[in-house]
Structures are given as structure tokens and as C-alpha cells.
Amino acid sequence: MSLPVRTFDAMVVGAGGSGLRAALELARAGLRVAVLSKVFPTRSHTVAAQGGVAAPLANSGEDNWHWHMYDTVKGSDYLGDQDAIEYMCRRAVEVVVELEHMGMPFDRLENGKIYQRPFGGHTQDYGSSKMAMRACAAADRTGHAMLHTLYQQNLHASTQFFVEWMALDLIRDADGDVLGVTALEMETGETSIFHAKATLLATGGAGRIFAASTNAFINTGDGLGMAARAGIPLQDMEFYQFHPTGVYGAGVLITEGVRGEGGYLLNKDGERFMERYAPNAKDLASRDVVSRAMTTEIKEGRGCGPQADHVMLKLDHLGAAVINQRLPGIREIAIKFANADPIREPIPVVPTVHYQMGGVPANYLGEVVAPAPGNREAVVHGLYAAGECSCVSVHGANRLGTNSLLDLLVFGKSSGEQMVKAIRESPAAHKPLPTDAAERSRARLARLDSARSGERVAEVSNDLRRVMQAHCGVFRFPELLVEGVEKMQAIAARAARSFIDDRSRVFNTARIEALELDNLVETAMSTVVSAEARKESRGAQARSDFPERDDANWLKHSLWYKDGSRLEYKPVHLNPLTVESFEPKVRTY
Amino acid sequence: MRFNIYRYDPDKDARPYMKAYELALEPTDRMLLDALVKIKAQDDSLAFRRSCREGVCGSDAMNINGKNGLACITKLADLPAQVTLRPLPGLPVVRDLIVDMTQFFKQYESIRPYLINEAPAPERERLQSPEAREALNGLYECILCACCSTACPSFWWNPDKFVGPAGLLQAYRFIADTRDRATAARLDDLEDPYRLFRCHSIMNCVDVCPKNLNPTQAIGKIKDIMVRRAV
């Protein structure tokens, strides 16, 4: 099969926050860049981020990057790489101010500076009981405002977009270098090769491997599937963040900014139970801590409602003025999805899958790194990753709220800068494509075209989500994990035999969902296998049989390979770039 | 519940047709999008766009019983027993409920939807008072779903010449931003019998906007500013 080849200096796969930030760097440098996206850029999931983006601007009280760095290391349960965390926190002010200059409609203080609110786990003075005002916010629509601003700037920079194109597979040559991607144009059903000197994966997370998720339908781990199929390991995939406040029954996110503004959680006795679990930070402890506390309350019979299966988020005491000014989107969501107007009544909430801390292993310059003989972190030439699909790792075992929007700005920018540098230093001509460049994609599409019977894609993917939900939850149990691995193996086999009825070439969304299922399988498998193998509790991984963190044996990153579903491990970077290391210690809030 | 859905696949259909689907709803099916996802699980050939499922990405705009809206925040309980779904009116149909939005986005791009300020940027943020920021509320929240422009008769007639309510709302978003320095150029660009003045205050845009925004009011404000600068 010979496919049309389109040639660019750089490819960006995904047009959410990190992809658009990187594309801006590339387009402004005058390079030929193509941005591929399954959806129109402003439909990317960054749009759903609510509460804020972290930066120690110190607009409301003292703050600095050292404190932010400490909070992030502690929040990560010491699994975060401290060089990358220092890098991110030191560039936070720069990237947020830059975004303001681009037109981002941040809320304002009386003195005209950017409004900042407190958020979970962000403190003053290295974990004191005083919360830092670090979350820069545009009401509770920060992600929407950010994504639109970045898209607008890309229009200004004349970035070339390929909208409603789905990337299928990475193209690697015999040296292991990445030379671009294969991609499917949804409107025509045509497949093309995008040949590039540098390719960035900015495809977001895979929250859709769980039945109850705050994530959009499109969050199917496409970049992770592409990397895994190309022989690149996935790092720390056991760590999925359960956000404490998803709307009960609907999964839609209610920002932690509600608690930042003064809201709190209640059990069925009307007790503010977080006071028992986190005496200092209370409802603003980090997300893993709050989600476990909520799950414990529910398990011990103190949940609300007829099934005693959720808790309540109270914010009516903030008053209509604060709610309408600072949390208008939340009010809209609560009325629509919970039939509750938060000005008058509490919102029923449950911990809900929200964010993938793991991903494609990358350094803080955005370069993808994988073990090679003699080097545990050898750069995969031509491949970069940024945002939720990457594991840099700044979030370690648990991400702090507002650090995801910061992550995508900082590493979107740094990967863009690094790609510009690499392209300028590279020879004028592209490396030749291997003859079998499109073979993997061709085989996947051919299988779908020839399959006339079997199980429907929707059935298999719904089962996958149910298995992950039941076997890989807030608390993890040894028998359930072992069983979960077996069930996922069965689902992977079923996925390989699934079929679709739709034969059309034009906007065949059934085909897209079938191709997404391949990516869900790789992501879910890596998650459950890595979780089963890690015999400790750390951050978002809480095991009943190993309830403590075990730094002697498990202060290390997991690396899952698709080939044989094999695991390797590599050390955590405990040494920051310029400051003293934060030694692991007991984590309390 | 019964759903009559517009179907058209240019790959095999000579012309569009309506197809009926019966669906037994469960209590967990709250929104129209939940029903569409269930129908698609039975008939995977039904094509529609969707993503965030919470009314913030703007993917699943469609015509629901004659009125444009987002499937993901349209409650099933608020719909009659018979629901008719068609693609957004006035734009070419790609397939089923999916329309070609090229013309819509072209108009959005035509208003230069980005902050223009050539002055050297300060080291820290540009200052803006809470009141000046407040002026952007009701403008910046647009999700580009196209419910408004595709409900506008003026846009139906002149989609290539009239910017339409969504684009004009964004034009005013930048005019209203105290940090933007291109107001005069923005007004010059709109001072045209078609681009701005094809709006006849029919207000369908206000009626359908799923985010409760008011493009007609924004258009009125642009016209006011034009009148004031002319005298």
C-alpha cells in the first residue's frame, strides 16, 4: 500500500494545551509545522479544566517557587523527578505571565493583578498550615479560557491544522528514530503519512479506561497506544488520580476551587469529616488523601443518599455573590447534572477518575527517553511528549490541582523550544522513510475492513471500562488486581476480534472508536499490570495488603512494555537542578 | 422514547432520509447524548460529534425538535416522547448529524480573534481592573458550537459575507478588552453593509445559545461605538 506522504519540519499530534503551546513555539520560529487533532482544537479536553493554573506570582500573600516545588514533591509522594519539578516551578511565573500577555482573561484583584485562590496541597513555607494563594483563575473556566487563548494565538501565527484527523501509529526506522506518523482523515477515510524531523505526542490522558470518569469521550490514550505499539515503554501507569468531587451518577467534574473558595465535604451525619483525616489542610489536603477519606466514609456506612454511596459538597455558605462570580460554571453543572442549585443546597459527589500521572517517559525538554544498552534514559530521536500523555515526571504518584495546566504550558513550551533547536541542528534533508512505514496501520485497518462478525466494539470497550472500575479503584486489593490482569488479557483478545458494521469511507465514527479501542487496551493493560506489580501504597495507589509506602524497595518508576506485558524499573531523579534534594519523609496534611 | 434521526451517508445514500429508533430509557440516561450513545451502540453507522459531555467543548450541537442545542446538556426529561434530530441548519451536511463548519470558522477567523497589542509587554502581567475584566463576562465563554449562527436567517442568506452572531460576539470580546489596542481597525473592518449590518436583531441567537450568552447585545454595543465615533 503506498500512501500519500506529506512532509513537514515538525508534527504535533493533539491540539490541547500542550500541543498548542508547542505549536506556537514552532510556528513562531518559522518552521513548517502540522498540528493533527481528532477534534477541532477548542474541543480538546483542556477546555474542561476549571479551577486554575499554579504559579507563585505572590499576588495575594508571600509565595515563591521553592515552596511550590516542595509542595509538588510532597504531593507526588516523592515519586516525582526533582529536576523536572524544579524546572517546572521555576518557569511557572514566566509561562503564566506570557499567557496573560496573549490575552487570557484571568480574573483580577482590586490592584489589577491576576486573581489567585488556594488549592489542595499548595502551602506557604514548606508545608506549614497556611495555604498559599497560588491558583491563577479565570472564574471556574480556566481551561476554556486558556485553550481558546492558545488557539487564537496559533491562528495569529498561521499554524497549519489538520482538524479531524486521527493519528494511528508512529513511524520508526531501523535505528529506532521516529520519522512521523500515519493518520486517518475522518471526513474522507483516507490515510496519509506525515513525514517529519520531530514529532510531538500531545494526545492527553486516557481517563476513558474507567466507567466513571470526569474525562471527555476523546480521552482514549491514543498517544500511549501509539508509543506502546512502537516498542516504547509506558511509565508509572498504575497512578491514576481519583478527583474527590465528580458529580454523583454523572461523573462531571466539580473543581477543587469550590473547596479553595471555602466549600467543604459532609458525611450523612453532617460531619465535616476531613477534619479527622487531615487536621491542618482539612478539605484542601491533596486529592489522593481526600478521595481515600471519602471512600472510607462511604465504606464505613457514613455515605449519603438511599444507597449511602456518596458524600455532600457544601458551598451555600459562600453566598450567591461569590458563587456567581467565582464559580458560575459549577453552579451551571450542578443544576444540570445533579438537580441541585449550590446557592441553596449541597452537591452530591464521589471520587471519580480524573488524571493519568503516568505516560510516555520524557525528560523536562520534552524528549522521549527509553532504556537502551548502557543508558536507562536514552533519547528516542525525533520523538517528544508533553502534557497528560507524558510522564516527565512532575506529578509522581499524585498530582496537585492546578499543576496540570502548568505542566502543559511549561512542557509544551520546552518541548517546542527543543524541537526548534533539534530541527535547526539537523541535516537539511529528512531521513528516508522505511519501506514498511505504514505497515502497522495498514494491518489494523485491513483487519477492521475484513471483520464481518464478532463482538461489537461498544460491548468490548464497555466491558473494559467496567473491569478497570471494579479492579483498579481508589483502594486496591491483591485478589482483585490479579483477577483484573486476567480479565484484561481476555478483553485484549476480544478487542482483537471485534468488528464494526459501518463500511462507509465518510466520517466513519465506528471505525474511529474501533481504532481508539486498540489504544484503550494498551493503556488499561499497562495500568492494571503495573498496579498489580507494585507492592506498596504511594500517592494514588492504595493497596490493602501493603498499606505503607516502601521507599527501600519501591522508590522507583515502573516501565511497562507491550511486548510480553513486561515491566522494568528505573530510579527516581532525587537530585534537583540547583537546590538541595527533598528527602522522602512521612506525608501528612 | 422514539427518536427520528436525519440520516445521510454520501458514500451510499442518494438522498437523506429520517430513521426511527425506539429506546427504552434507564434512570441513568439523563441527557440526550446518553440516548444517542446507546443508539450508536446498536447501530454503529449513526455519525455525530461529541466530546466533553458537559456543555463546554461545543461538539454536539444539533437541531433538536426544531431548535438548535447541545445534546449533552439537553435533559431527556424535558423532551416530548417523540424527538426529531437534524443536523444544524444552513451548513452543508457531511454525514448524518455532522455538518461542515468551514464557513462558520472562516467568519470567526475573519474578525482576528486574538489580542492585539504591539506595545512591549511588561515584565509581569498587564494590569486590568476587576470592572474592566467584568466587561468580558458573557463574551469570552463562547464555545464555538455554532448553535447561534446556524439559527440566524441573515447567516443562512449570506454565510460568506455576514460574520454571524458567534464571530461578532468574539469581535466585541476583543473590542471590550482594555488590553487590546486594535479597536479602530476592528471597527473599520466591520463597517460594511454585510459583515456587521446584516444583523436585524431577530435574536434567534440569544434564544438558542446553550451558554446563555447574548450576541445581539454585543452587536448592539459594536453599533453604538460606531455611531459614537462617527459623531
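The values are calculated or read from the model by the stated rules, or taken from the named source; none is laboratory data. All values derive from a computational prediction rather than experimental measurement. Heads up, the Cβs are rebuilt from the backbone with ideal geometry, glycines too, and the neighbour counts pull from every protein chain shown. Just so you know, the surface numbers come from the protein's heavy atoms only, side chains and all, with ligands and any DNA or RNA stripped out. Shrake-Rupley method; radii C 1.70, N 1.55, O 1.52, S 1.80 Å.
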Practice item. Report yes if A:Val482 is touching a residue at least 40 places away in the same chain (Cβ under 8 Å), among the aliphatic types (A, V, I, L, M) and open to solvent by 40 Å² or more (accessible area, probe 1.4 Å), otherwise no. Key: yes
**Study point:** Candidate set from the range A:88-106 (those that are in contact (Cβ under 8 Å) with a residue 60 or more places away in the chain and surrounded by 23 or more Cβ atoms within 10 Å (Cβ to Cβ)); member that is farthest from the other protein chains (Cβ to nearest Cβ)
**Key:** A:Met88
Point to revise | Failed item in (1) open to solvent by 10 Å² or more (accessible area, probe 1.4 Å); (2) in contact with an Asp or Glu (Cβ under 9 Å, 6 or more places away or on another chain); (3) within 14 Å of chain B (Cβ to nearest Cβ); (4) within 17 Å of A:Arg208 (Cα to Cα), with A:Ala510 passing the rest | key: (1)
Review point. Taking A:Gly249 and the conditions (1) surrounded by fewer than 24 Cβ atoms within 10 Å (Cβ to Cβ); (2) at pLDDT 95 or above; (3) closer than 23 Å to B:Arg50 by Cα, which numbered condition does it fall short on, given that it satisfies the others?
Key: (2)
Review point. How many residues does the range A:332-376 contain that are open to solvent by 10 Å² or more (accessible area, probe 1.4 Å), touching a Ser or Thr at 6+ places or on another chain (Cβ under 7 Å) and not hydroxyl-bearing (Ser, Thr, Tyr)?
Key: 3
Review point. Is one or more of the residues making up the range A:21-43 open to solvent by 10 Å² or more (accessible area, probe 1.4 Å), farther than 25 Å from A:Thr199 by Cα and in contact with a helix residue (DSSP H, G or I) (Cβ under 7 Å, 6 or more places away or on another chain)?
Key: no
Check your understanding: Given (1) over 30 Å from A:Ala183 (Cβ atoms); (2) within 14 Å of chain B (Cβ to nearest Cβ); (3) open to solvent by less than 10 Å² (accessible area, probe 1.4 Å), where does A:Asn111 come up short, assuming only one miss?
Key -> (3)
Review point. Inside the range B:101-143, can you point out the residues that are open to solvent by 60 Å² or more (accessible area, probe 1.4 Å), facing chain A (nearest Cβ under 8 Å) and assigned to a helix (DSSP H, G or I)?
Key: B:Glu109
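Among the residues of the range B:15-33, are any closer than 23 Å to A:Asn462 by Cα and assigned to a helix (DSSP H, G or I)?
Yes, that holds for at least one residue.
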Exercise for review: Return the residue satisfying two criteria in turn: it lies in the range A:281-310 and is out of contact with any helix residue (DSSP H, G or I) (no Cβ under 7 Å at 6 or more places or on another chain) and closer than 15 Å to A:Phe119 by Cβ, and of such residues it is surrounded by the most Cβ atoms within 10 Å (Cβ to Cβ).
Suggested key: A:Asp288
Review point. If we scan the range A:182-202, do we find a residue that is among the small types (Gly, Ala, Ser), under 14 Å from A:Ala227 (Cβ atoms), surrounded by fewer than 22 Cβ atoms within 10 Å (Cβ to Cβ) and in contact with a strand residue (DSSP E or B) (Cβ under 9 Å, 6 or more places away or on another chain)?
Key: no
Study note, to complete from the structure: Expected single match for open to solvent by 20 Å² or more (accessible area, probe 1.4 Å), within 14 Å of chain B (Cβ to nearest Cβ), basic (Lys, Arg) and not in a helix (DSSP H, G or I) among A:Arg452, A:Arg466 is A:Arg452
Review point. Can you name every residue in the range B:114-148 that is within 15 Å of the chain's Cα centre (by Cα) and not aliphatic (A, V, I, L, M)?
Key: B:Gly138, B:Tyr140, B:Glu141, B:Cys142, B:Cys145, B:Cys147, B:Cys148
Study note, to complete from the structure: Only unsatisfied item for A:Leu409, checking (1) crowded, with 18+ Cβ neighbours inside 10 Å; (2) part of a loop (DSSP other than H, G, I, E, B); (3) touching a strand residue (DSSP E or B) at 6+ places or on another chain (Cβ under 8 Å), is (2)
Practice item. Select from the range B:20-42 the residues that are loosely packed, with under 12 Cβ neighbours inside 10 Å and more than 20 Å from A:Asp501 (Cα to Cα) and list them in ascending order. Key: B:Ala24, B:Glu26, B:Pro27, B:Thr28
Review point. In the range A:537-570, which residue that is of a type in the set (A, V, I, L, M) and touching a Pro at 6+ places or on another chain (Cβ under 8 Å) is farthest from A:Asp77 (Cα to Cα)?
Key: A:Leu559
Practice item. Inspect all residues belonging to the range B:150-171 and state whether any of them is touching a residue at least 60 places away in the same chain (Cβ under 8 Å), assigned to a loop (DSSP other than H, G, I, E, B) and open to solvent by less than 10 Å² (accessible area, probe 1.4 Å). Key: no
